Amino acid sequence: MPRKYELYDLTKYFHNVRNKKGELNPILGEDELALSSCLSYLLEDNNFVIKAYSGTGKTVIMDAIFGLLPEEFYYTLEHLSETAVWYDAEKINRARFIAIPEAQKLPEAVIEVVKTWGDGRSAFRKRTDVTIGDTVETQIHPKYVFMCVAVENTKGASYFDAELERRCMIMHTNPTVKQTERVLKHKLLDSAVPKTKLATMSEEDIEKLKEHMLNAVIERDDEEALVIKNPCAPFLFEAIPSAFPVSRSKVQYLLKLINAVARFYPDEIIRVEKDGTQYGLVTPKHNWLGLRIYLNSFVSECLHMPSHGTDILKLFPDTRIDRFGFADGDTVRMSTNEIKKAAKAAGLPFTKIEPILGALLMTGFLEMDEDKGKKLYYKSPLFEEPVAKINWSELIEETKNFMAENWPAVAMEYGGRFCGDIKIVDPFTGDDIKLGERAKTAVDIETDAYEPFKTYKDSRIKSFEEFLLHAEGDYNEEEIERVKSHYKES
């Protein structure tokens, strides 16, 4: 019987990526971005963009995703001239996917081709062929693209504009000091120990996972007539920030990612024919996983969260509300200079922080008081993680009723297989989760840490070498020795 793959296997793959020389080059601290981009792009044909500062791992993630595919499946669009793209039209037409490592460096004419693809249309170019004395037309069929954009490079900003961005799902890498430290720790440890000490997947494991992903892509292409439907979707409303009109268009990315999760588990899609159309039904498990992976990023996009606004918000402690509904007297209020110092200490590479603060104010993430003409900012006490609003036991019950009314032919099978005690492997930790009467939210799955560890995630690390690489807590020498002893005893 073939092995059943989980999304956690895909996360492990990103932690065990090899570069073209075969050297371990893992993607650390970017699990949400890696999974969201891989699933939505490869399995749901979402145009995808990673916008980030140079050197923060954009192209490493892109290379890892395309590394899951045979080379003939994709074409890499490099810094071409305005006409070179047309000379490679035949290769582009044969490719299933298009990689663009530095989109901001493409000439305007090539960006226009990408925009045309974003509308689902073919791009055309007419030229005079002097050898035959006639006009020749070249066509490039519509393609879905994966692009990386360096945000500090403004050279191509006028081309890579809002018109193009609205056609894409956009996420950002982590630019913080903590992330830099995580990468440095790996590189230092890599230079000191054999690769086998750091790798948690064998070459055979990786090849089998690639085969699973390729089969999912091929099955998705072979089943274009299969229409994916999500019976849970009407009950996700509480998590959607409906106050902002942009959520009308952005919600498609959340729903498509949930569909992509379902495609990763093809044997869990219930197929049913209705009125001459073949449908595939998504389950509560797929919805839970999709929200776990992407919802926080989706909400940031819906609320027009400025680039790296989430990183700025993390500099502020949560604000408590007093009995009158206002921020209480102990609320930490920070001046612009204090925020800049905190941002610098956290490793956020900002030169101008005022536009970000202004955008966070405008969208309600931050509030401001004035004291003797000095502006003091604090986190809005009304800000709540939308993912926590979903009651999963209620969603499952409502979905069962919805199935009975709208999909009666398979309602009993769907309820029996997918609406009882639902077992899920968490995509980031590998923990076994169970949804049912005592259902957890998509973020509320962590228990307290136990000695000698300082965070729950640290307590889940399997070996001392991995602990040195991945630990989130701050440990002094004495505490590290206790951790080392713990691994020797276990």
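The values are calculated or read from the model by the stated rules, or taken from the named source; none is laboratory data. Since the structure is predicted, the reported quantities are computational estimates derived from the model, not experimental observations. Positions of Cβ are backbone-derived with ideal geometry, glycine not excepted, and every protein chain shown enters the neighbour counts. Ligands, DNA and RNA are stripped out before the accessible areas are found, and what is left, the full protein with its side chains, is counted by its heavy atoms. Shrake-Rupley method; radii C 1.70, N 1.55, O 1.52, S 1.80 Å.
Each row is one residue, and each column tells you yes or no for (1) assigned to a helix (DSSP H, G or I); (2) buried (at least 20 other Cβ atoms within 10 Å of the Cβ); (3) among the small types (Gly, Ala, Ser).
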{"position": "PRO2", "(1), (2), (3)": "no, no, no"}
{"position": "TYR5", "(1), (2), (3)": "no, no, no"}
{"position": "TYR8", "(1), (2), (3)": "yes, no, no"}
{"position": "TYR13", "(1), (2), (3)": "yes, yes, no"}
{"position": "LYS21", "(1), (2), (3)": "no, no, no"}
{"position": "ILE27", "(1), (2), (3)": "no, yes, no"}
{"position": "GLU32", "(1), (2), (3)": "yes, no, no"}
{"position": "SER37", "(1), (2), (3)": "yes, yes, yes"}
{"position": "LEU43", "(1), (2), (3)": "yes, yes, no"}
- Query: What residue, among those in region 45-61 that are assigned to a loop (DSSP other than H, G, I, E, B) and among the hydroxyl-bearing types (Ser, Thr, Tyr), is nearest to GLU207 (Cα to Cα)?
  - Reply: THR56
- Mind listing whichever residues of region 238-267 are assigned to a loop (DSSP other than H, G, I, E, B) and modelled with pLDDT of 75 or more? TYR265
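Each row is one residue, and each column tells you yes or no for (1) on the phi > 0 side of the Ramachandran plot; (2) modelled with pLDDT under 85; (3) open to solvent by less than 80 Å² (accessible area, probe 1.4 Å); (4) among the basic types (Lys, Arg).
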residue: TRP86; (1), (2), (3), (4): no, no, yes, no
residue: ALA123; (1), (2), (3), (4): no, no, yes, no
residue: ASP134; (1), (2), (3), (4): no, yes, no, no
residue: TYR144; (1), (2), (3), (4): no, no, no, no
- Enumeration of residues in region 285-300 that are among the hydroxyl-bearing types (Ser, Thr, Tyr) and either modelled with pLDDT of 90 or more or under 10 Å from the mean Cα position of the chain (by Cα) (or both): TYR294, SER297
- Message: Under 9 Å between Cβ atoms, which residue pairs at least 6 apart in sequence (or on different chains) link something in region 262-279 that is without any contact (Cβ under 8 Å) to a residue 60 or more places away in the chain and among the hydrophobic types (A, V, I, L, M, F, W, C) with a partner that is surrounded by fewer than 18 Cβ atoms within 10 Å (Cβ to Cβ) and part of a loop (DSSP other than H, G, I, E, B)?
- Response: ILE269/LEU226
- Message: With the requirement that a residue be farther than 18 Å from GLU23 by Cβ, modelled with pLDDT under 75 and open to solvent by 60 Å² or more (accessible area, probe 1.4 Å), what does region 172-205 give you?
- Response: LYS178, THR180
- Counting only residues that are touching a His at 6+ places or on another chain (Cβ under 6 Å), at pLDDT below 90 and not hydrophobic (A, V, I, L, M, F, W, C), which one in region 1-53 is farthest from GLU268 (Cα to Cα)? LYS51
- Considering THR83, THR59, which residue is closer than 21 Å to GLU30 by Cβ and among the β-branched types (Val, Ile, Thr)? THR59
- Item | Where TYR53 falls short, out of the listed (1) of a type outside the set (D, E, K, R); (2) within 22 Å of PHE97 (Cα to Cα); (3) under 18 Å from the mean Cα position of the chain (by Cα); (4) surrounded by fewer than 21 Cβ atoms within 10 Å (Cβ to Cβ) | (2)
- Here the residues within region 62-84 that are buried (at least 17 other Cβ atoms within 10 Å of the Cβ) and in a helix (DSSP H, G or I) are MET62, ASP63, ALA64, ILE65, PHE66
- Task: Name the single residue, out of those in region 93-120 being within 24 Å of ASP222 (Cβ to Cβ) and of a type outside the set (A, V, I, L, M), that is most open to solvent (accessible area, probe 1.4 Å).
- Result: ARG94
